[in-house]
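The values are calculated or read from the model by the stated rules, or taken from the named source; none is laboratory data. On a predicted model such as this, the values are computed, not experimentally measured, just so you know. Here the Cβ positions follow ideal geometry from the backbone for every residue, glycine too, while neighbour counts run over all protein chains shown. Just the protein is used for accessible areas: all its heavy atoms, side chains included, with ligands, DNA and RNA removed. Shrake-Rupley method; radii C 1.70, N 1.55, O 1.52, S 1.80 Å.
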Amino acid sequence: MCKPTTLPPPVNQISGPAFEPILGACTNPDISAENFAKETGYHSYEPKLGLGAFNVLVCLITQFLLELRETPPAGLLVWGGVVVCSLPMGLLTTLTAGRKAWGPVRYPTVFGLLFQLFGVSVVFPMLWVPSFICSKSKLGVPTTTARTLCGTVFALPVSMLTFLVFYAPTDGYVWTVSAGILGGPILAMMGLLLWRDKSESLKASPENIEKSNRIVQKCYSVLGAVSFAFWSFLVVVAYQSYGFALGKLWSDIWSNAGPSVAFMTVDTGVLYLGILMLIAYKSERKALKTLALTPLVGPGASCCVAFKELEGEAATALLAESKAGFKKLQ
C-alpha cells in the first residue's frame with residue numbers, strides 16, 4: 001500500500017501568516033523603538049540604520065535574521081546560499097550601470113533597495129534581467145577602475161556581516177547592528193558613491209579596453225575565490241550536521257522548515273536560476289558549463305567563471321573592432 005506523499009508548504013505560507021504579527025508590531029506607531037522588545041517580546045532593532053524611511057524594514061529583517069540564527073544550521077546554509085550567489089551579481093550590476101546602458105539598469109542603488117524590500121529572487125530575474133536585455137548594454141565595454149573596484153568591494157561586507165549575524169551573541173549590540181545593516185538600506189545605498197563616476201564618458205580606445213578588461217578579470221577572480229571559500233565553509237557545516245543524509249537536509253531547509261528558512265531556500269534557488277538564465281542569454285554553452293561546475297565549486301564561483309569568460313571574449317571582440325576602426329582612420 002502506497003504511503004501518501006508529504007508535500008512542501010505552499011509558497012504563500014512562507015512569508016504570509018507567519019510574519020503578520022511581526023509586521024503588525026513593526027508598523028505599530030504606538031510602540032517606540034526603545035520599548036519595542038519589552039512591549040512585543042521580539043528582538044530589539046536599531047532604528048538609525050533605517051535612515052528614517054526604512055525603519056520598518058530594519059525591524060522586520062532583524063526578526064527574520066533572528067529566526068534564521070535560531071534555526072541552525074539550516075538558517076546559515078540557506079542565507080549563505082544567497083550570499084554566495086549575490087557576489088557575482090553585485091559586480092555585474094555595478095559594471096552594467098556604467099556602460100552607457102539604457103533604462104533602469106543605470107540605477108543600481110534603486111535596484112539594491114528593491115532587492116531589500118521585495119527580495120532579490122523576485123526583483124533580479126523579473127525586473128533586472130529583462131531590463132538588462134532591453135538596455136542594449138554590452139559586456140566588455142570599458143569602465144573606470146574606481147567603478148570596477150567598488151563593484152567588488154561592495155560585495156564583500158555582506159559576507160563579513162553574515163558571519164557576525166550567525167556567530168555573534170544575539171543579545172549584544174553588535175548583532176543588532178549587523179542584522180540591521182545586512183537587511184537595511186545602507187548596503188544598497190553604497191552605490192551612491194559612484195554617482196559622479198565617469199564610466200559612461202570613457203572612450204572605448206584599445207588602451208582603455210585592455211586596462212578595464214584586466215581589472216574586471218582580476219575582480220571576478222577575487223570574487224570567485226571568495227565565493228568558493230564561502231561555499232566550502234557551507235559544505236563543511238552541512239556535512240558536520242547531516243553527513244550524507246540528504247533527506248534530512250531537505251527536510252530542514254524546505255519540507256519541514258520554518259517560514260524564514262523556507263523563504264531563503266526559494267530565494268537561493270530562484271536567484272541562481274536567474275543568473276543562469278542571464279548567462280544562457282549570452283551563451284548557452286557557458287550556461288551548461290556553469291551548471292556542470294556548480295556541484296564542484298559552488299554557484300557563486302561557477303557564475304564568476306562564466307562572467308569572467310564572457311567579459312574577456314566581449315572585450316577581445318570590442319578591441320578588434322576598435323583597432324580596425326583606428327587603422328581606417330590612418
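Taking the Cα-to-Cβ direction at residue 235 and at residue 167 and moving 7 Å from each Cα, how far apart do the two end points lie in nm?
1.9
Nearest 500 deg cm²/dmol is fine: what mean residue ellipticity at 222 nm does the chain get from its DSSP H runs of n ≥ 4 alone, each adding -39,500 (n - 2.57), divided by its residue count?
Value at 222 nm, helices only: -21500 deg cm²/dmol.
Applying a 10 Å radius around every beta-carbon, put 192-202, 286-296, 80-90 in order of their mean neighbour count, most first.
Result, highest mean first: 80-90, 286-296, 192-202.
For segment 201-321, list log₁₀ I(q)/I(0) at each q in 0.09, 0.19 Å⁻¹, using the Debye formula over Cα point scatterers of equal strength and ignoring solvent, two decimals each.
At q = 0.09, 0.19 Å⁻¹ the computed log10 ratios are -0.35, -1.09.
So, with a 1.4 angstrom probe, what is the percent of accessible area on segment 207-254 that is carbon and sulfur?
It is 68 percent, rounded to a whole number.
When N counts the residues of segment 193-232, how does its alpha-carbon radius of gyration compare numerically with 2.2 N^0.38 Å, as a ratio?
1.57
Averaged per residue, what accessible surface does segment 170-249 expose to a 1.4 Å probe, in Å²?
Ligands and nucleic acids excluded, the result is 56 Å² per residue.
At q = 0.09, 0.11, 0.13, 0.16 Å⁻¹, what base-10 log of I(q)/I(0) does the Debye formula yield for the chain when every alpha carbon is treated as an equal point scatterer in vacuo?
-0.51, -0.74, -0.99, -1.39
If the label point is 7 Å along Cα→Cβ of residue 320, which residues in segment 66-99 have backbone nitrogen under 14 Å from it?
Once the point is set 7 Å along Cα→Cβ of residue 320, nothing inside segment 66-99 turns out to lie under 14 Å by backbone N.
Given that compact globular proteins tend to follow 2.2 N^0.38 Å, what is the ratio of the alpha-carbon Rg of segment 258-330 to that value?
Here the answer is 1.57, to two decimals.
What residue among 305, 174, 165 has the largest mean-square fluctuation in a Gaussian network model of the chain, using Cα springs under 10 Å?
For the chain, modelled as a Gaussian network with Cα springs under 10 Å, the answer is 174.
What Rg and what Dmax come out for segment 188-262 when only alpha-carbon atoms are used, in angstroms?
Both quantities, over Cα of segment 188-262: 21.0, 56 Å.
Whole-Hz ³J(HN,Hα) for each residue in segment 290-305, computed from phi via Karplus 6.51 cos²θ - 1.76 cosθ + 1.60 with θ = phi - 60°, x for glycine and proline: what do you get?
Calculated HN-Hα couplings, in order: 4, 4, 6, 6, 4, x, 8, 10, x, x, x, 5, 5, 5, 4, 4 Hz.
Hey, any idea what % of segment 40-139's accessible area is carbon plus sulfur with a 1.4 Å probe?
That share works out to 66 percent.
In percent, how large is the relative contact order of the chain, given Cα pairs closer than 8 Å and 6 or more residues apart?
In percent, rounded to a whole number, it is 27.
Along each principal axis of its Cα atoms, how long is segment 145-227 end to end? Whole angstroms, biggest number first, please.
Extents along the principal axes, in whole Å: 55, 28, 12.
Could you work out how far apart the two model spin labels at residue 210 and residue 153 are, taking each label as a point 7 Å from the Cα in the direction of the beta carbon, and quote it in nm?
For the pair residue 210/residue 153, the computed spacing is 2.7 nm.
If you wrap segment 11-114's Cα atoms in a convex hull and average its projection over all directions, what's the area in nm²?
8.6
What three numbers, in Å, describe the spread of the alpha carbons of segment 107-184 along their principal axes, ordered from the longest?
Its Cα atoms span 49, 29, 16 Å along the three principal axes.
Of the listed pairs 136/282; 100/203; 286/323; 198/308, which have alpha-carbon separations greater than 20 Å here?
Table pairs above 20 Å Cα-Cα are 286/323; 198/308.
Sticking with the crude label model, points 7 Å out along Cα→Cβ, report the distance from residue 134 to residue 28 in nm, one decimal please.
Once both label points are built, they end up 4.2 nm from each other.
Which one, 208, 28, 55, has the greatest fluctuation when you compute a Gaussian network model over the chain with C-alpha springs under 10 angstrom?
28
Hey, if we sort 263, 115, 230, 163 by accessible area with the 1.4 Å probe, largest down, what's the order?
Solvent-accessible surface, decreasing: 163, 263, 115, 230.
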